[in-house]
Amino acid sequence: LLNHLNELQPMKIYSLSLLSALGLVFSATAAVAAPGHSHALDFGQPGNVQAVDRTIEVRMSDNVFALETIEVKAGETIRFVLHNDGALLHEFNLGYSATHAAHEQEMIAMFRSGMLTPTGAHDMSHMEGEMDGGMTHDDPNSVLIEPGAREELIWTFSKTKNLEFACNIPGHYQAGMVGKVEIR
C-alpha cells in the first residue's frame, strides 16, 4: 500500500500544480472582466462616439503592428481606426498579458469550431446550440479585422499599468504582434 501511495504522490503534486496554474489564469481574467463579458474593465470601458478626444490610426500587416507604443491619458476617449493591410485575419485587443493568453485559448477553440479561419470570421449564430458554450467574439475591448478591411474601436481609458494591445489569433502574439499602451 505504501508503494502505491508513493507512486500516486507525484501525480497529485502535478495535478495540484496544474489546477493552481489554471486558477491563476482564471483569477487574472476575472479581475479584469466580470463573468458574462462585462463592459466595465479595470482599464476602461467602451467609449461614446460623441465624446472622442482624438483618433489613432493603427495599421497592421501579417504579424506586426506599425505602432509599438500607444500613449493615452487617463479619462481620454480614443477612436482607434484599424487597418488590416495583411493577407490574414487579425485582432486588436486591449488587455494584459495574462488576459491575452486566456483569450488566445478562446480563439483556438473558435478556429477548431470553424467560426474563425486564417482569413476571416464566419457567422455561426445559427449553430449556437451545437457549439460549446455558444462561442462569440463580442468582447467590447476587442475587434477582428479581416484582410483589407477597416474597423473601429472606441475606448475610454482608466489609469492602469502594464496594458497592451495585441492580436490573439493563435501564434500572432508570440510572433510579436503586441505593443504597449502607456497611460499618463
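The values are calculated or read from the model by the stated rules, or taken from the named source; none is laboratory data. Predicted, not measured: the structure shown is a model, and the values here were computed from it. We place every Cβ from the backbone using ideal geometry, glycine too, and count neighbours over all the protein chains shown. Accessible surface areas use protein heavy atoms only, side chains included; no ligands, DNA or RNA. Shrake-Rupley method; radii C 1.70, N 1.55, O 1.52, S 1.80 Å.
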| Is it fair to say MET110 is outside any strand (DSSP E or B), on the phi < 0 side of the Ramachandran plot and in contact with a His (Cβ under 7 Å, 6 or more places away or on another chain)? | yes
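Conditions tested, residue by residue: (1) in contact with a strand residue (DSSP E or B) (Cβ under 7 Å, 6 or more places away or on another chain); (2) closer than 17 Å to GLU151 by Cα.
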site	(1), (2)
GLY47	yes, yes
GLN50	no, no
GLU57	yes, yes
SER61	no, yes
LEU67	yes, yes
VAL81	yes, yes
SER97	yes, no
GLU106	no, no
MET110	yes, no
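Limited to segment 54-83, what total is found for residues that are outside any strand (DSSP E or B), open to solvent by 70 Å² or more (accessible area, probe 1.4 Å) and within 25 Å of ALA121 (Cα to Cα)? So that I can check it myself, show each step before the final result.
Pass one, segment 54-83, residues outside any strand (DSSP E or B): 62-63, 66-68, 73-76.
Checking the rest, the ones that are also open to solvent by 70 Å² or more (accessible area, probe 1.4 Å) come to 66, 68, 73.
Still in the list and also within 25 Å of ALA121 (Cα to Cα): 66.
Here the count works out to 1.
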| message | Any residue that is more than 25 Å from MET110 (Cβ to Cβ), open to solvent by 70 Å² or more (accessible area, probe 1.4 Å) and modelled with pLDDT of 95 or more - is there at least one of those in segment 84-95? | response | no
